[in-house]
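The numbers here are math on the coordinates, done by the rules we state, and not lab data. The model shown is predicted, which means the values in this text are computed figures rather than measured ones. Note: ideal-geometry Cβ built from the backbone for every residue, glycine included; neighbour counts use all protein chains shown.
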Amino acid sequence: MPANDVKVIFFDVFGTVVDWRSSLLRLLDDFGKRHGIGADWPGFLGAWKAGYRPAMDAVISGARPYFNLDEMYLERMNQVLGDFGLAGLSEAQKQEILNLWLRIDPWPDAVEGLTRLSRKYTLVTLSNGSFAWLTAICKHGGLPFDAILTAENAEVYKPHPRCYQTAIRLMGMADTPERCMLTACHNYDLEAARSHGMQTAFLPRKEYGPDQEADQAPESDWSVVARDLVGVAEAMGC
């Protein structure tokens, strides 16, 4: 893959750039200690996150109108709190838990890898998160993105075609989508990006914990396959 042909590199964020699970487990434990609340936080997080894909699929299919990730996770939180003895949380405490997403940390290689890439390429998020969340997460993590694009720009979630098409168009690359690349730890995301002419970079992540088996190997001949974001930078000549 001729790296010099790429101008804009888009990045999936949750899982690919930030380690949401480890961060949230730590932050939820801290929340419980501060408020004197004991709970099965790993179980709660697993149940909370399990609502993510079904809710997005409902938007993609047209069964529900678009609503952003902040609203989605608040709705799902209210559905599962009672299962973990947390039904008595105040609205302020619920909002405090929701806002923990704004303080999730990057993977250890993320800042170095992105910084190296930023010397040569334009770096842009392409996430299912909201614009406000991605702005806060990037600021918290010191992530050197040049622009923030999210599902909110297209009002639908990946892998709906409009997400990729909107990102390519907004970055002025509609006539040269092959000069765009998506970097992600999810094979399905890369497959969708490639169908719109984008180049692709895959890296494996244990975003769901050490026992994760899915997405630990490339499922196609992606343009770049690397161990982490530093490896992506190296493969792209940075």
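Couple of notes before you dig in:
- Whole-angstrom gap from the range 33-83 to the range 161-190, using each part's C-alpha centre: 27
- Label sites at ALA92 and ALA63, each approximated as a point 7 angstrom past Cα along Cα to Cβ, lie 3.8 nm apart.
- Sequence-separation-based contact order of the chain, relative, with Cα cut under 8 Å and 6+ spacing, percent: 26
- Fraction of antiparallel bridges per DSSP, the chain only, in percent to nearest 5: 5
- Helical content alone sets the calculated 222 nm signal of the chain at -12500 deg cm²/dmol, taking -39,500 (n - 2.57) per DSSP H segment of four or more residues and averaging over every residue.
- Relative to the globular-protein estimate of 2.2 N^0.38 Å, the Cα radius of gyration of the range 163-224 stands at 1.21.
- Compared with the dominant Cα axis of the chain, that is its longest principal axis, helix 69-80 is turned about 40°.
- Under the Karplus curve 6.51 cos²θ - 1.76 cosθ + 1.60, θ = phi - 60°, whole-Hz ³J(HN,Hα) for the range 120-128, x wherever Gly or Pro sits: 10, 10, 7, 10, 9, 6, 9, 10, 7
- Trypsin sites (Lys or Arg not before Pro) within the range 55-127, DSSP loop, no more than 10 other Cβ atoms inside 10 Å: ARG119
- Whole-Hz couplings from phi, Karplus 6.51/-1.76/1.60, listed for the range 20-28; x for Gly and Pro: 5, 5, 4, 4, 5, 4, 5, 5, 5
- Under 16 Å from the Cα of LYS49 - lysines, other chains or at least 8 residues apart: LYS94, LYS206
- Note on the chain: with charges restricted to the Cβ of Lys and Arg (+1) and Asp and Glu (-1), its dipole about the Cα centre is near 420 debye.
- Each principal axis of the Cα cloud of the chain was taken in turn, and the coordinate range along them, longest first, works out to 56, 37, 31 Å.
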